[in-house]
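K.L.:
The structure is given below, and queries will be raised subsequently.
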Amino acid sequence: MAILPITSVSSATKEMASWRTSKPVIEYSKCTRCEICWKFCPDVAIDLVIDPDLKSPSDRFKTLEAPVIDYNHCKGCGICAAECPFGAIEMVREEV
Ligand code: SF4
Ligand code: SF4
């Protein structure tokens, strides 16, 4: 029987942090709140929140929901960083 790199348990309910070798870090001063990272994350590990303390590049983005990484569920795949059209997500090596 072939062993496939999948799990029968949804990653939305399973903590994936131990898989990670690098983690996404959002630079909010570049983030336009386009939500593309949120749509592409395969692990539902990005939440959208309105938080006036998250510095936005323009006042017109301040009332929009900003992405916040849920590091308990993020497995560090880097898809969000690759898909962000504004270069607002950097993958940073995890400390060991
Ligand atoms: S894809 Fe980039 S610019 Fe768009 S919400 Fe995510 S971090 Fe912000
Ligand atoms: S690195 Fe992967 S799992 Fe983590 S938030 Fe980005 S897309 Fe989701």
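No value in this document is a laboratory result; all are computed from the given coordinates. Worth saying up front: this structure is predicted, and the values here are computed from it rather than measured. We place every Cβ from the backbone using ideal geometry, glycine too, and count neighbours over all the protein chains shown.
K.L.:
Could you work out the helix-only [θ] at 222 nm for the chain, with each DSSP H run of four or more residues adding -39,500 (n - 2.57) and the total divided by the number of residues, to the nearest 500 deg cm²/dmol? Mind showing how you got there, number by number?
P.N.:
Values: 2 runs with 10 residues, N = 96.
It lands at -2000 deg cm²/dmol.
K.L.:
At a Cα cut-off below 25 Å, give the lysines reachable from Lys75, other chains included and same-chain residues fewer than 8 away excluded.
P.N.:
Lys14, Lys23, Lys30, Lys39
K.L.:
Would you mind giving the average projected area, over all directions, of the Cα convex hull of segment 17-93 in nm² with one decimal? Could the numbers behind the result be given before it?
P.N.:
Details: hull surface 18.1 nm².
Spelled out: convex hull of the Cα atoms, projected over all directions, averaged, 4.5 nm².
K.L.:
Pick from Asp53, Asp70, Asp43: which residue has the top mean-square fluctuation in a GNM of the chain where Cα pairs under 10 Å get a spring?
P.N.:
Among Asp53, Asp70, Asp43, the largest mean-square fluctuation in the Gaussian network model of the chain belongs to Asp53.
K.L.:
Note down the net charge around Glu90, summing +1 for each Lys or Arg and -1 for each Asp or Glu among other residues with Cβ under 15 Å from its Cβ. Could the numbers behind the result be given before it?
P.N.:
On the way: positive: Arg20, Lys23, Lys30, Arg93; negative: Glu27, Glu83, Glu94.
Neighbour charge sum, excluding Glu90 itself: +1.
K.L.:
Please arrange Leu54, Leu64 by how many other C-beta atoms lie within 10 Å of their C-beta, fewest to most.
P.N.:
Working: Leu54 18, Leu64 14.
Exposure proxy ranking, most exposed first: Leu64, Leu54.
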